Each structure stands twice: as C-alpha cells, then as structure tokens.
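Quick notes on the structure that follows.
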Amino acid sequence: MVKTHQSSRNRGFTLIEVVVALAILGVGLTVIIELFSGGLRLARASMEYTKAVNYARTKMEEIAVKSAVQEGTGEGESDDKSFRWQVVMKKVDLLSIDKSMDYKPPIELYQVKIDVFWISGSKERSTSLESLKAIKPEEGEKKG
C-alpha cells in the first residue's frame, strides 16, 4: 500500500485569506450601517417637515376663518415651543394698471405668507406656505 501525501493547501484557509475576508466583511458592514443611519436621518427630517407643514396649515386655517384681516406681520410659538411662526399679510392691488378709474372691486385680496421655523440638531430649518384670501369689504369702505 502506498500512502498518498495530501498537500497543505487542501487543509483550510490561510491567514491572508481570513484577513482579506474580514476586511471585505468590515467594509460591507460599514456601508450598510451608514446607509441605515442616513435613512433614519432622512426619515426624521421628513417627519419634522411634515409636522411643520401641518402646523402652518393650521395657522392658515385660523386666518381663513377670520372675517376681518389687516395688513401687517405677526409671530408666535407653538404650545410645546418646538415651532416658531411668522405671518405676513399684504393687500394685493387688483386694479394696479389704471388708477384713474373710480371703481371699487367687490372683494379685497390679501396675500398670506406663513413661515415656520424649528431647530433640527444644530441647524435651524424652515418651511413656508402662501395663499390668497378674498374678503368682502364693509359697506362703509365700499362707498367711501
């Protein structure tokens, strides 16, 4: 009987092969963890923007139900102090082309802009909503 001698290459992995495999595994895991944390960051930012837009819409609805508005600015904070807001109202001149006419339009148009600010991490972020509000002028203003 002849004994065959098995070569040392068939016994297992060499140290270099193990080190290279661990390096590839480490790089792959690092990339996956970075992608996951980036996704969490984006989800949090999206949630903050959604809350800010909903808060701005609430403020816009409060202005929409008011029967009388006037030009100017206003500002304040949310109840939980997580948002600051600023409202700017400007009267839009419907007859800006020909001022010589003695015609009063049946409505007054106001441009309403709401800016909402909040702190996200170390940055201040903001979003804004803009709309128009039509108001029927009072009879005293219409004739005079």
The stretch 43-74, subset assigned to a helix (DSSP H, G or I) and acidic (Asp, Glu), residue modelled with the lowest pLDDT:
Glu62
Filter result for the condition that a residue is touching a Ser or Thr at 6+ places or on another chain (Cβ under 6 Å) and not hydrophobic (A, V, I, L, M, F, W, C), over Asp102, Asp115, Asp79, Asp93:
Asp115
Scanning the stretch 9-42 for residues that are farther than 30 Å from Arg125 by Cβ, part of a helix (DSSP H, G or I) and not hydrophobic (A, V, I, L, M, F, W, C), which turns out nearest to the chain's Cα centre (by Cα)?
Gly28
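The values are calculated or read from the model by the stated rules, or taken from the named source; none is laboratory data. On a predicted model such as this, the values are computed, not experimentally measured, just so you know. When we count neighbours, we look across all protein chains shown, and the Cβ atoms used for this are built from the backbone with ideal geometry, even at glycine.
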